[in-house]
Amino acid sequence: MNAATKRISVREVMKKEFGMIDGMDTIHDALLLMKKLRTSVLVVAKRNRDDEFGLLLVSDIARKVMAKGHSCKRTNIYEVMTKPAVIVDPQMDIRYCAKLFSRFNLIRALVVEDDNVIGTISPNSLVLDGLFALDQD
């Protein structure tokens with residue numbers, strides 16, 4: 001089977017381990033959790049069923065808190081996070097996911113199934129795990 005006909009889904013290369021945090025928590029709380037989980041991204045939980053998931057990236061904290069001289073103990077996550085987060089279906093072909101990332105210059109997306117986050121996807125996963133696997137015979 002060659003790379004043109006082989007299909008790999010987002011589910012196969014997504015990162016299944018992720019941290020979730022409340023938008024009302026502080027950036028200090030987020031940094032503690034990030035350090036504990038050794039991650040640079042957290043999923044921000046929905047407030048209710050009609051809400052959307054958010055994403056908090058270390059780069060957001062650097063630009064919106066650190067560079068502006070704000071206190072991480074007095075800044076809430078909702079002030080810094082990206083919301084709504086881009087979500088992808090776990091069955092999406094990784095080539096389409098890569099096109100989505102390219103078109104919208106994404107760094108991370110949530111993989112959501114039945115209104116539950118089941119993982120995260122990044123260009124690293126798409127390329128290092130997905131593209132590599134596509135080229136294996």
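Tabulated data
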| quantity | calculated |
| --- | --- |
| Residues that are of a type outside the set (Val, Ile, Thr), assigned to a helix (DSSP H, G or I) and open to solvent by 50 Å² or more (accessible area, probe 1.4 Å), drawn from the stretch 97-127 | Lys99, Ser102, Arg103, Phe104, Pro123, Asn124 |
| Subset tally (residues that are touching a residue at least 12 places away in the same chain (Cβ under 8 Å) and over 17 Å from Ala85 (Cβ atoms)) for the stretch 37-52 | 1 |
| Qualifying residue in the stretch 62-71 (condition: assigned to a helix (DSSP H, G or I), free of Cβ contacts under 8 Å to residues at least 12 places away in the same chain, out of contact with any Asp or Glu (no Cβ under 8 Å at 6 or more places or on another chain) and within 28 Å of Leu126 (Cβ to Cβ)) | yes |
| Complete set of residues in the stretch 10-35 that are at pLDDT 95 or above, more than 25 Å from Arg47 (Cβ to Cβ) and open to solvent by less than 60 Å² (accessible area, probe 1.4 Å) | Val10 |
| Matching option when the condition is of a type in the set (Val, Ile, Thr) and within 21 Å of Ile118 (Cβ to Cβ), among Val86, Val58 | Val86 |
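The values are calculated or read from the model by the stated rules, or taken from the named source; none is laboratory data. Here the structure is a predicted model, which means the values were calculated and not measured. With ideal geometry, Cβ positions are generated from the backbone for all residues, glycine too; neighbour counts draw on all protein chains shown. Accessible surface areas use protein heavy atoms only, side chains included; no ligands, DNA or RNA. Shrake-Rupley method; radii C 1.70, N 1.55, O 1.52, S 1.80 Å.
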